[in-house]
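Student: My questions will all concern the structure given below.
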Amino acid sequence: MSKKLTVIPEQCSGCRICELVCAIKHFGVNNPKKAAIRIINTYPHPVMRMPIVCSQCKVPACAKVCPTDALRWVEGIVILDKENCISCYQCVEACPFGAIYAHEDCDLPIKCDMCGGEPECVAKCPLGALRLIPEHALGEPKRLNNVLSYTQMREIEFYEKGEKKAIRYAEIGKEEL
Amino acid sequence: MIKGGYFKKHLYVDLTKGSTERRDLSDAFIEKYIGGRGFGAKLVWDNLKRHNFKMNPLGQENLMVIAPGPLSGAYLPSSGKNSFIAVSPATGLYGDSSIGGGFGVELRQAGIDVLSITGKAPELSVLFIDNSEATVMPMPELKGKSSLEAEGIIRERLDTQTAHVATIGPAGENMVRFACVNTDWGRNAGRTGFGAIMGSKNLKAIVVRGHRDLPVYDINGLAAEADKAYRYLKEHKYFKMWQQQGLMNVIEYANEKGILPSYNFKDSVFTRHEQINGATMLADYKIGDSACFSCSMCCSNICLVKNGKYAGTVVEGPEYESCAMLGSNVGIDNFAAVLAANHLCDELGMDTISTGNLVGAIIEGYEKGILSLSDLDGRDITWGDDDGILELIRMIANRRGLGDIIADGPRRIIKQWPEMDKVILQVKGLEQSAYDSRAGSSMALAYATSDIGAHHTRAWTIAREMEEGQSWSDEEKVDTVIYHQKLRPLFDMLGVCRLPWIELGLNERHYEYFYKCVTGNEVSLEQLLALSNDIYDLTRLINVRLGVSRKDDSLPYKVFASPPLTGPNAGKVVDKEHFQRLLSMYYQKRGWDEDGIPPAGVESKFKD
């Protein structure tokens, strides 16, 4: 079963533990600037902490521009072939999410390799903002959020056997009927 | 022996000359002073000696030191700390303030263990440290901009999202003596007036960007130990609560124990505490978590006011101190107004603790008739009057009318209205923070002997005294204060946060191991504590040479003479003679004389 690394930015605190553990695992150094995942902070509108990491696209924009075919999608992961890569960094520029990184100490672009299927960042995220979920379940948390925040949602409270409960329901727009 | 952990570099900036210089740090210096406030105290001491201990804190000659520690930025719980150290314009004595977020980590990634800044730029400027480069850039157009606005403009101008920016607001430019330095959109080096120092140096901001590996001697050992510590924290029964409420959980606790300042410490419980507590924040205001670098506890919150007159206000915070001082202490029971006041202080660049303390004191002074309506420039002000309070905050930052006097701090206010001495809670000129010490004499001793004035950071013994200390002997009280004053500043020297230890009980032995892994220096916790204790002697020496003695290790009038009106500690005050006995015992245990002066030989320890 193919699993995807997904990001739930609403749950990210911006602690950058993901960056640290990524760099330690792949380079053996304490340097968040060598991670294949980075957190971008914005303020105040919107206030957001957004981890940016490779989506392992099935039609990878990075691979498309790679002049040496060093990037290939293999079983759910866009793999960087270190032998063929010439470090032209066209992939870094081409990724629509900016999810491939460069560092002057490193000979190659820094790109998420999913740690062989068990990403370190997912394991160490203290808030569950990074998750590994089956491909067919992608988007589920978002769907639920969307349903809950549906603008016409109403809430009423009622009592069942003396216990206070609440129910949410969607109001049908009467004016449209 | 030091095998890692440091770049061994000191960036020295002279703003008068516009010069920057990378100086080497010797192994001996590093081993002895460790980092953070240790480096700062030593550099400030040397600078004072050069000036024969004559120092105007807002003069060119004052050296402002910014120092992370050897553990700052390392993979271990909550390593995002960094200290600011200088002679304080609030007290005229040694001052420091520790700050979270990621500024210190970035400084380290730029290859700098300590940054010190002297002189005064000819016009309003920004110091930009970009990995190996450091330049002073004039940016007079930032004059009058708020802290947050300036951060946005600078990011845009320098085209960087990843740099860390420390700015001052109008309060700093106007040299309000409790102005702060703001980083990362709302984390402040709040206490002892660093914003005013930057203002006096015409330094609007410091921007740092770096990408070096942090030198770690044994990365595998460090990672293994860090994983253990993170796991311990995660399994702690209060871990989730910390993630959700952060320091806001303390409001309920403080109210229950009767240590929550209300109405300028007239009371120590607040009847409408439920309207400004963590639960209210969670239910109606919190929209996100915020953490310092490498911290899993994420004690900071991001709040949004969704409706009413403050709708649209977004704040990183509040935490306990801001909420208590700008809430219950000034009688505000509307959480949205607390957020608005907190945000206003961030924008203006002013310490929330000092501001809340002094605003409370002014309201009480007016209530008591010490200040007249004309003293208030014709606009009366009462408890919980959020419009009036916000306006007063603006007046202070812009030094308008009455604000001009308040901006110079408690001593100036007392000079103007001598009776205010009985109203303002301050020690050595620094306004007291939000833990009532009348409930516990160990906390009173902690405030009196803190090297920066009435702040809880050096020794926060109140919780332990409330829990288990009711039957403590005097000796146990003194020992607890001294132990805190060794361990807590050690965290500030190492560049890590103390909350995992004090709040979730992470064993302090971990830090011995962290230090060993990062630096390769085989030193025990006891040896580290001894070094931290030396720094306490050093900051005392600085203060003594600047005129401090026993008479200054005193407490506010209210602590001795004016008990809280209601709550569990109603009627309690600290007994004056008992306090003096504690103080004598404290000096004795520290090896200082009856007047609080360290012995003559101590000074020679800090020659090099």
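Student: Only one of (1) in contact with a Pro (Cβ under 9 Å, 6 or more places away or on another chain); (2) crowded, with 20+ Cβ neighbours inside 10 Å fails for B:ALA570. Which number is that?
Tutor: With respect to (1) in contact with a Pro (Cβ under 9 Å, 6 or more places away or on another chain); (2) crowded, with 20+ Cβ neighbours inside 10 Å, B:ALA570 is out only on (2).
Student: Just one of (1) surrounded by fewer than 21 Cβ atoms within 10 Å (Cβ to Cβ); (2) part of a helix (DSSP H, G or I); (3) of a type in the set (S, T, N, Q) trips up B:GLN485, so point out which.
Tutor: If we test B:GLN485 against (1) surrounded by fewer than 21 Cβ atoms within 10 Å (Cβ to Cβ); (2) part of a helix (DSSP H, G or I); (3) of a type in the set (S, T, N, Q), just (1) comes out false.
Student: Of all residues in region B:1-54, which are closer than 24 Å to B:ARG177 by Cβ, touching an Asp or Glu at 6+ places or on another chain (Cβ under 9 Å) and assigned to a loop (DSSP other than H, G, I, E, B)?
Tutor: Passing the criteria: B:GLY36, B:HIS51, B:LYS54.
Student: Separate question: Does B:GLU156 fit the bill of being under 23 Å from the mean Cα position of the chain (by Cα), within 13 Å of chain A (Cβ to nearest Cβ) and on the phi < 0 side of the Ramachandran plot? Full working, then the answer.
Tutor: Numbers: under 23 Å from the mean Cα position of the chain (by Cα): no; within 13 Å of chain A (Cβ to nearest Cβ): yes; on the phi < 0 side of the Ramachandran plot: yes.
When the stated conditions are applied, B:GLU156 does not pass them.
Student: Could you list, in sequence order, all residues of region A:1-38 that are crowded, with 17+ Cβ neighbours inside 10 Å, more than 10 Å from chain B (Cβ to nearest Cβ), of a type in the set (Val, Ile, Thr) and touching a helix residue (DSSP H, G or I) at 6+ places or on another chain (Cβ under 7 Å)?
Tutor: Answer for region A:1-38, where residues must be crowded, with 17+ Cβ neighbours inside 10 Å, more than 10 Å from chain B (Cβ to nearest Cβ), of a type in the set (Val, Ile, Thr) and touching a helix residue (DSSP H, G or I) at 6+ places or on another chain (Cβ under 7 Å): just A:ILE37.
Student: Also, quick follow-up: If a residue must be closer than 24 Å to B:ASP451 by Cα and surrounded by 24 or more Cβ atoms within 10 Å (Cβ to Cβ), how many such residues does region B:188-207 contain? Steps first, answer last, please.
Tutor: Here is the first cut: in region B:188-207, the residues closer than 24 Å to B:ASP451 by Cα are B:188-200.
Within this subset, residues satisfying the condition of being surrounded by 24 or more Cβ atoms within 10 Å (Cβ to Cβ) are B:188-199.
So the answer is 12.
Student: Can you say whether B:ILE287 is away from chain A (no Cβ under 14 Å) and of a type outside the set (Ser, Thr, Tyr), as far as the supplied structure shows?
Tutor: Numbers: away from chain A (no Cβ under 14 Å): no; of a type outside the set (Ser, Thr, Tyr): yes.
Considered against the rule, which asks whether it is away from chain A (no Cβ under 14 Å) and of a type outside the set (Ser, Thr, Tyr), B:ILE287 comes out as no.
Student: Would you please list the contacts, defined by Cβ atoms under 7 Å and residues six or more apart or on different chains, that run from a residue in region B:405-432 that is not assigned by TED's automatic domain parsing to the domain that holds B:MET175 to a residue that is surrounded by fewer than 24 Cβ atoms within 10 Å (Cβ to Cβ) and of a type in the set (Phe, Trp, Tyr)?
Tutor: Between residues of region B:405-432 that are not assigned by TED's automatic domain parsing to the domain that holds B:MET175 and residues that are surrounded by fewer than 24 Cβ atoms within 10 Å (Cβ to Cβ) and of a type in the set (Phe, Trp, Tyr), the close pairs are B:ASP421/B:TYR557; B:LYS422/B:TYR557.
Student: To continue, here is another question. Starting from region B:215-243, keep only residues that are within 11 Å of chain A (Cβ to nearest Cβ), then list their pairs with residues that are assigned to a helix (DSSP H, G or I) and not hydrophobic (A, V, I, L, M, F, W, C) whose Cβ atoms are within a distance under 7 Å, requiring at least 6 positions of separation or different chains.
Tutor: Listed by first residue and then by second, the contacts come to B:TYR217/B:THR519; B:LEU233/B:PRO500.
Student: Further question: How many of the residues making up region B:594-608 are under 27 Å from the mean Cα position of the chain (by Cα) and exposed (fewer than 10 other Cβ atoms within 10 Å of the Cβ)?
Tutor: Of the residues in that region, 0 qualify.
Student: Follow-up question, since we're still on this one. Given A:CYS125, A:CYS112, which one is within 14 Å of another protein chain (Cβ to nearest Cβ) and within 14 Å of the chain's Cα centre (by Cα)?
Tutor: Details: A:CYS112 fails: within 14 Å of another protein chain (Cβ to nearest Cβ).
None of the others qualify; the one that does is A:CYS125.
Student: When the residues of region A:132-158 are narrowed to those that are among the acidic types (Asp, Glu) and surrounded by 10 or more Cβ atoms within 10 Å (Cβ to Cβ), which ends up modelled with the highest pLDDT? Explain how you work it out, then say what you get.
Tutor: Taking region A:132-158 and keeping what is among the acidic types (Asp, Glu), we get A:135, A:140, A:155, A:157.
When the remaining residues are screened for being surrounded by 10 or more Cβ atoms within 10 Å (Cβ to Cβ), the result is A:135, A:140.
Details: A:GLU135: 89, A:GLU140: 79.
Once the filter is applied, the top-ranked residue is A:GLU135.
Student: Can you tell me which residue is surrounded by the most Cβ atoms within 10 Å (Cβ to Cβ) among those in region B:294-326 that are within 21 Å of B:ASP385 (Cβ to Cβ) and β-branched (Val, Ile, Thr)?
Tutor: Ranking the candidates gives B:VAL315 first.
Student: Please verify whether region B:357-364 includes one or more residues that are of a type in the set (Asp, Glu) and outside any loop (DSSP other than H, G, I, E, B). Can you show your working first?
Tutor: Going residue by residue through region B:357-364, those that are of a type in the set (Asp, Glu) are B:364.
Going one step further and asking which of them are outside any loop (DSSP other than H, G, I, E, B), we end up with B:364.
Among the residues of region B:357-364, at least one is of a type in the set (Asp, Glu) and outside any loop (DSSP other than H, G, I, E, B), which makes the answer yes.
Here's the yes/no breakdown for (1) touching an Asp or Glu at 6+ places or on another chain (Cβ under 7 Å); (2) more than 19 Å from B:PHE39 (Cα to Cα); (3) not in a loop (DSSP other than H, G, I, E, B):
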residue	(1), (2), (3)
B:ASN56	no, yes, no
B:LEU71	no, no, no
B:TYR75	no, yes, no
B:SER79	no, no, no
B:SER83	yes, no, yes
B:THR91	no, yes, no
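Student: Can you name every residue in region A:98-109 that is within 14 Å of chain B (Cβ to nearest Cβ) and either part of a helix (DSSP H, G or I) or touching a residue at least 40 places away in the same chain (Cβ under 8 Å) (or both)?
Tutor: Step one: filter region A:98-109 for residues within 14 Å of chain B (Cβ to nearest Cβ), giving A:98, A:101-106.
Hits for region A:98-109 are A:GLY98, A:TYR101, A:HIS103, A:ASP105, A:CYS106.
Student: Answer yes or no as to whether B:VAL208 is more than 30 Å from B:GLU123 (Cα to Cα) and within 14 Å of another protein chain (Cβ to nearest Cβ).
Tutor: Values: more than 30 Å from B:GLU123 (Cα to Cα): no; within 14 Å of another protein chain (Cβ to nearest Cβ): yes.
Here the answer is no, as B:VAL208 does not meet what is asked.
Student: For region B:504-600, which fully contained helices (runs of 4 or more DSSP H) count at least 2 residues that are within 24 Å of B:PRO489 (Cα to Cα)? If you could, list the steps in order and put the result at the bottom.
Tutor: Details: elements: B:509-519, B:525-545, B:557-561, B:576-590.
Those helices (runs of 4 or more DSSP H) span B:509-519, B:525-545, B:576-590.
Student: Just to verify a result, which residue in region A:42-93, among those that are within 14 Å of chain B (Cβ to nearest Cβ) and within 19 Å of the chain's Cα centre (by Cα), is farthest from A:PRO119 (Cα to Cα)? Don't jump to the end; show me each part of the working.
Tutor: From region A:42-93, those within 14 Å of chain B (Cβ to nearest Cβ) are A:42-52; that's our starting set.
Adding the requirement that they be within 19 Å of the chain's Cα centre (by Cα) leaves A:42, A:46-52.
On the way: A:THR42: 25, A:PRO46: 28, A:VAL47: 27, A:MET48: 23, A:ARG49: 20, A:MET50: 18, A:PRO51: 14, A:ILE52: 14 Å.
Result: A:PRO46.
Student: Look at B:GLY40 and say whether it is crowded, with 24+ Cβ neighbours inside 10 Å and either in contact (Cβ under 8 Å) with a residue 60 or more places away in the chain or among the β-branched types (Val, Ile, Thr) (or both). Show your work before the answer.
Tutor: Numbers: crowded, with 24+ Cβ neighbours inside 10 Å: yes; either in contact (Cβ under 8 Å) with a residue 60 or more places away in the chain or among the β-branched types (Val, Ile, Thr) (or both): yes.
Criteria met by B:GLY40.
Student: When you check B:ASN47 against the structure, is it away from every other protein chain (no Cβ under 14 Å), in contact with a strand residue (DSSP E or B) (Cβ under 9 Å, 6 or more places away or on another chain) and either on the phi < 0 side of the Ramachandran plot or without any contact (Cβ under 8 Å) to a residue 12 or more places away in the chain (or both), yes or no? Step through it out loud before you land on a result.
Tutor: On the way: away from every other protein chain (no Cβ under 14 Å): yes; in contact with a strand residue (DSSP E or B) (Cβ under 9 Å, 6 or more places away or on another chain): yes; either on the phi < 0 side of the Ramachandran plot or without any contact (Cβ under 8 Å) to a residue 12 or more places away in the chain (or both): yes.
Considered against the rule, which asks whether it is away from every other protein chain (no Cβ under 14 Å), in contact with a strand residue (DSSP E or B) (Cβ under 9 Å, 6 or more places away or on another chain) and either on the phi < 0 side of the Ramachandran plot or without any contact (Cβ under 8 Å) to a residue 12 or more places away in the chain (or both), B:ASN47 comes out as yes.
Student: Name the one entry in B:THR167, B:THR192 that is among the hydroxyl-bearing types (Ser, Thr, Tyr) and within 14 Å of another protein chain (Cβ to nearest Cβ).
Tutor: Working: B:THR192 fails: within 14 Å of another protein chain (Cβ to nearest Cβ).
Among B:THR167, B:THR192, only B:THR167 is among the hydroxyl-bearing types (Ser, Thr, Tyr) and within 14 Å of another protein chain (Cβ to nearest Cβ).
Student: Give just the number: which of (1) hydrophobic (A, V, I, L, M, F, W, C); (2) over 23 Å from B:ASN357 (Cβ atoms); (3) away from chain A (no Cβ under 14 Å); (4) surrounded by fewer than 24 Cβ atoms within 10 Å (Cβ to Cβ) does B:MET175 not satisfy?
Tutor: (2)
Student: While we're on this one: Does B:ALA340 satisfy the criteria of being surrounded by 21 or more Cβ atoms within 10 Å (Cβ to Cβ), within 14 Å of chain A (Cβ to nearest Cβ) and among the small types (Gly, Ala, Ser)? Quick ask: steps written out before the conclusion?
Tutor: Values: surrounded by 21 or more Cβ atoms within 10 Å (Cβ to Cβ): yes; within 14 Å of chain A (Cβ to nearest Cβ): yes; among the small types (Gly, Ala, Ser): yes.
So B:ALA340 passes the test.
The values are calculated or read from the model by the stated rules, or taken from the named source; none is laboratory data. Fair warning: this is a prediction, and the values are worked out from it, not measured in the lab. Reconstructed Cβ throughout: ideal geometry from the backbone, glycine too, with neighbour counts over all protein chains shown.
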